[in-house]
Amino acid sequence: MFKQESQKKEFAEKLESLLHRAYHLQEEFGSTLPSDSMLLDLERTLMLPLTDESLRLRTDDEDSLTSEDSFFSAAELFDSLQIGKIPFQLSKPAAAYEEALQLVNEGRVSCRTLRTELLGCYHDQDFLAKLHCVRQAFQALLQDENNQLFFGEVGKQMVTGLMTKAEKNTKGFLESYEEMLHYALKQDTWPTTQRELEGRGVVCMNFFDIVLDFILMDAFEDLENPPSSVLAILRNRWLSDSFKETALATACWSVLKAKRRLLMVPDGFISHFYSVSEHVSPVLAFGFLGPKQQLSEVCGFFKHQIVQYLKDMFDLDNVRYTTVQLLAEDILQLSRRRSEILLGYLGSETTPEMNGTLSNENGPLEELN
């Protein structure tokens with residue numbers, strides 16, 4: 001037992017030393033690298049570097065975009081969409097969506113990452129139009145302090161439930177989470193937070209862009225393409241599960257520690273987010289990638305519910321894009337339903353303040369899967 005603990009400690013020290021040296025080289029020669037290369041390595045959410053396979057696939061995508069066949073195919077498709085018109089039959093009135101689509105066609109709606117395929121949208125213009133409406137809906141919702149409390153409490157309970165399922169102490173996470181929430185809600189910090197997030201490519205200070213897209217969706221993407229070095233450790237059958245978990249946690253902490261030294265604002269929003277990540281990233285990484293089947297199923301269910309929640313939000317048949325107010329009401333009800341399903345699965349109890357403010361005029365949503 002003593003020998004195994006000694007080996008764990010030695011491995012952790014070597015891994016941390018290697019990561020520190022890598023980031024030292026990055027800092028020393030960073031100015032000579034193209035800016036997009038820096039962003040590829042630094043701006044990921046889960047603190048796991050991109051793999052060679054991810055970079056190869058991205059290069060293949062870029063090559064395909066420059067090919068003559070792809071260009072003409074895209075041009076023909078673009079012409080067939082009839083700019084300014086909806087290329088499919090609307091099953092319900094959607095005045096807000098139609099207005100947003102016009103803004104998209106005028107080039108007035110932008111985003112950090114297109115989620116067209118992931119969220120089941122017809123094309124990029126469709127995604128951007130719905131995104132514009134969703135942003136407006138969240139802006140309207142979060143003007144109410146009860147809704148701010150609702151979304152903040154749901155996020156806390158979800159992560160607490162995941163950590164409890166992973167048999168981890170939640171005290172450190174809860175303290176860091178409350179500190180981050182307190183910082184984020186102070187209006188005098190918003191200009192600084194906006195500068196920080198703009199450096200990460202976030203184009204809109206909105207709940208969807210920051211929490212759902214930048215934090216959650218990027219984390220899920222990172223977990224789909226973990227570094228080969230991490231996979232090599234996790235797939236080594238000669239290493240114990242506890243050793244694998246320790247190695248993965250050490251890698252996450254070391255990357256976070258190195259990233260902290262590169263922050264433009266040492267005590268800003270990203271710093272608070274990193275403090276939360278120190279508790280959450282190792283749990284998610286081991287849950288999604290590790291050998292424990294039960295924990296893997298829990299994490300898989302968590303991801304499925306979040307992705308399906310977003311798909312429902314971007315579906316004209318599931319929520320009303322008639323007006324911003326009606327869309328906001330539907331999104332809040334959708335959020336309540338999904339949170340009840342997920343928190344029930346995780347064994348977390350809902351509290352009265354986790355209901356949000358909902359208009360009585362809101363119609364019923366379809367049963368969720």
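Observations on the model:
- Note on region 122-206: the alpha carbon radius of gyration divided by the globular reference 2.2 N^0.38 Å gives 1.34.
- Relative exposure of Met205, Met180, judged by other C-beta atoms within 10 Å (fewest first): Met205, Met180
- With the gyration tensor restricted to C-alpha atoms of region 98-347, the semi-axes of the equivalent ellipsoid amount to 31, 21, 19 Å, longest first.
- Among Tyr321, Tyr274, Tyr97, sorting on how many other beta-carbon atoms sit within 10 Å of each Cβ, with the fewest leading, yields Tyr274, Tyr97, Tyr321.
- Sum of side-chain charges, Leu216 neighbourhood, beta-carbon under 12 Å (Lys, Arg +1; Asp, Glu -1): -3
- Residues Val298, Val159, Val319, arranged from fewest to most other Cβ atoms within 10 angstrom of their Cβ, appear as Val298, Val159, Val319.
- Over 20 Å apart at the Cα level, from the set Lys168/Lys244; Lys156/Lys303; Lys130/Lys311; Lys171/Lys303; Lys156/Lys244; Lys259/Lys303, are Lys171/Lys303; Lys156/Lys244; Lys259/Lys303.
- Cα-centre dipole for region 98-347 with unit charges at Cβ (Lys and Arg positive, Asp and Glu negative), debye to 20: 920
Bear in mind these aren't lab numbers, they're just calculated from the coordinates by the rules spelled out. In this text, all values refer to a predicted model and were calculated from it rather than measured experimentally. So basically every Cβ, Gly included, is an ideal-geometry build from the backbone, and we count neighbours across all protein chains shown.
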